[in-house]
Amino acid sequence: MDPMHPSRRRTLRPVLHVATVAATAAILAACTGTGAEDSDNTVGTGGDRVDADRMAEVAEDSGASADEIVDAGRPVDAATGPDRTHLITYTVDPPTSEGRSASAWRLYDHRGRDLATGLSEVTLEGAATPFVRAVDDGYLLIGPAGRATFHITATGTIRQVRGATSRPAAAGDLAPIYGSARLYRPEDRIMFTPTPAAGDWQGWTVTDDGSLVRQLGYADGEIQFQRSAGGSRWEPIAGHTTTPRTYVPSLSLTAVGDHVVTALTTEGSDLEHATLDGLLVRRTDAPSDAAWKFLPTDVPGDADSGRDRWWEPAVRTLDDTTVALVPTGESAANGTLLVDVTTSTWTRLPAPGTEGGWEYEFEDGRIYAIHPERNHTRVSTDLGATWTRLPH
């Protein structure tokens, strides 16, 4: 089967039907209460479970304020930005995937004191899950599939990000929405689709120098790739020779520092089973015919159990040398793997608590841990060796 056959295409998160997007142009008055100090909280999670009944009640209330959503909801995403601030998004949703769900965001200072609060999207199916990414001059608040993108400063000023016509990618452009075709240009505060078109945008990435790299299907005994620089036409680069059952999962091609990385998996007995073979790595400035370097999976002490549950893993950038391999679906029990592509070092990300179900976001050397039943967020700056409760 072609690696990019539609039956393979799965997104990391469910697609949500957006009923309305609450424009956050008006920010609620900032709160000045005393926030919690940073504290180590690596042993237990304590009495911090979300009140599911209260959350469902607020989700059904079309008149609920942003403050009510934050107070009753669970965290979705977090980012740390300028002036030691951090922004967290929240959602309130019903017990099942059916029904109204609403979301909001809150900006905090480093002690957890409220600086600004605002509404985000509303959905009628699934959970309203806005994402946030830190940029040099604030934050990007992003709805599903890149809709309703806002820029928020470190003081809470908010403006909607303009959509722009397609144009060539350039150095400094960001791909803030995992799995989306759009890029963000910080100096212009615009979102746009880069040219040339990639065709299937589930297998592409933008590098630090503004080049685009995309994966193609399996042909002539190899997985094929192409590159475009400065808006030039697609040019072939070295492929990877393998068997028809070995493939590059969608949503796994990504740029990390001076390298481009993608996962390599081999099909198992059925469409839900796949073995994680390792990573393919190449420098972004490598000649077109330079071969990919193969980094075989090497997790110390890793048993064989669960090794075939790596169907469609995600590859996320943590810092200039490290990527996170995030399992999806039933394979989540395998745990997230961290790989330094410059030293070929593989480690397993330690969870912040003994319970399962933690979800992770990665940005600028920080790992954010969020649990769907907890009302707090944890952050690690040392590859998960220690976790600190983010003040909010």
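The values are calculated or read from the model by the stated rules, or taken from the named source; none is laboratory data. Please read all numbers here as calculations on a predicted model, not as lab measurements. Glycine gets a Cβ as well: all are built from the backbone with ideal geometry, and neighbour counts include every protein chain shown. Remember, those area values only see protein heavy atoms, side chains included, never the ligands or the DNA or RNA. Shrake-Rupley method; radii C 1.70, N 1.55, O 1.52, S 1.80 Å.
Maximal additional length on extending the GLU57-THR345 stretch stands at 99.0 nm, based on 0.36 nm per residue less the C-alpha distance.
Based on the alpha-carbon gyration tensor of segment 163-349 and its eigenvalue square roots a ≥ b ≥ c, which shape applies: rounded if a/c is under 1.5, prolate if not and a/b is larger than b/c, or oblate? Prolate shape, in that a/c is at least 1.5 and a/b is the bigger ratio. Here the accessible area is traced with a 1.4 Å probe on the protein chains. For segment 163-349, carbon and sulfur cover 50 percent of it. Residues HIS110, HIS151, ordered by accessible area of protein heavy atoms at a 1.4 angstrom probe radius and largest first, appear as HIS110, HIS151.
Rolling a 1.4 angstrom probe over the protein heavy atoms with all chains in place gives segment 61-202 an accessible area of 36 Å² per residue. Each of ASP285 and ASP220 was given a label point 7 Å from its Cα along the Cα-to-Cβ line. The distance between the two points is 2.9 nm. Net charge dipole, segment 163-349: roughly 460 debye, given to the nearest 20, about the Cα centre with Cβ charges of +1 for Lys and Arg and -1 for Asp and Glu.
A crude spin-label estimate for the pair THR157 and ASP83, with each label 7 Å from Cα along the Cβ direction, gives 1.0 nm. Working ranking of peptides 178-185, 253-260 by packing, defined as the average number of other Cβ atoms within 10 Å per residue, highest first, is 253-260, 178-185. Computed on segment 168-312, with alpha-carbon pairs under 8 angstrom and 6+ residues apart, the relative contact order is 17 percent. Take every Cα pair under 8 Å whose residues are at least 6 apart in sequence, average their separation, divide by the length of segment 247-304, and the relative contact order is 25 percent.
Using a probe of 1.4 Å on the protein chains alone, the accessible area found for LEU276 is around 0 Å². At an R0 of 51 angstrom, the distance between the Cβ atoms of ASP209 and HIS110 translates into a FRET efficiency of 0.95.
Given a 1.4 Å probe and the protein chains as shown, ASP93 ends up with an accessible area of around 20 Å².
Positive end of the dipole of segment 163-349 (Cβ unit charges, origin at the Cα centre): among GLY268, VAL323, PHE192, the Cα lying farthest that way belongs to PHE192. Name the residue from ILE177, GLY278, GLY163 whose Cα lies farthest towards the positive end of the charge dipole of segment 163-349, charges +1 on Cβ of Lys and Arg and -1 on Cβ of Asp and Glu. So the residue we want is GLY163.
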